[in-house]
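These notes concern the structure reproduced below.
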Amino acid sequence: MAAPNFHKYLRSIVSYAPGDAILGDYTTAAQFKIVSGQLQHYLPGGSVLYMQVEPRPDSSVMKLKTSFASTPNTYGTFAWSGDALTWTVSGITRPNNAAWLACTDAAAGPDLYINLGNYMYQTPAGYNGATAVPRV
């Protein structure tokens with residue numbers, strides 16, 4: 001991650017509950033594991049939330065919102081590539097499978113989107129490009 005999101009970490013907007021995926025302070029960072037292509041957000045007591053990806057409605061859409069829910073994701077597959085979190089799905093070829101966008105519109109921290117376009121090229125206003133979501 002780069003400024004202004006350097007040393008920000010993945011979590012749900014409401015700690016330990018379903019909601020938007022955001023980047024937050026290290027003191028509120030969540031713990032994750034990938035199992036069978038599902039990014040699992042571990043909760044106290046042993047239950048999990050799953051990172052969700054909104055389906056792409058058409059080819060003009062170049063960013064996909066992410067969130068956490070209690071049901072497995074049905075759109076795409078997550079994997080680690082070194083310390084980078086990647087996402088792939090059949091039918092979409094991405095220039096960089098580890099490219100993300102952080103939007104500063106959330107009060108609790110930047111909302112996280114999957115970037116379907118080129119890194120740092122035509123980045124929408126109010127968004128910051130990132131090539132890696134920290135592995136926690």
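The values are calculated or read from the model by the stated rules, or taken from the named source; none is laboratory data. Values in this document were obtained by computation on a predicted structure and should not be read as measured data. No Cβ is skipped: glycine too gets one built from the backbone with ideal geometry, and neighbour counts run over all protein chains shown. Keep in mind that these areas ignore ligands, DNA and RNA; they rest on the heavy atoms of the full protein, side chains included. Shrake-Rupley method; radii C 1.70, N 1.55, O 1.52, S 1.80 Å.
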For residue 25, the lone unmet condition from (1) closer than 13 Å to residue 113 by Cα; (2) open to solvent by 50 Å² or more (accessible area, probe 1.4 Å) is (1)
Which numbered condition residue 57 misses (of (1) outside any strand (DSSP E or B); (2) surrounded by 14 or more Cβ atoms within 10 Å (Cβ to Cβ))
(2)
Picked from segment 48-85 (must be of a type in the set (Gly, Ala, Ser) and at pLDDT 95 or above), the residue farthest from residue 98 (Cα to Cα) is 70
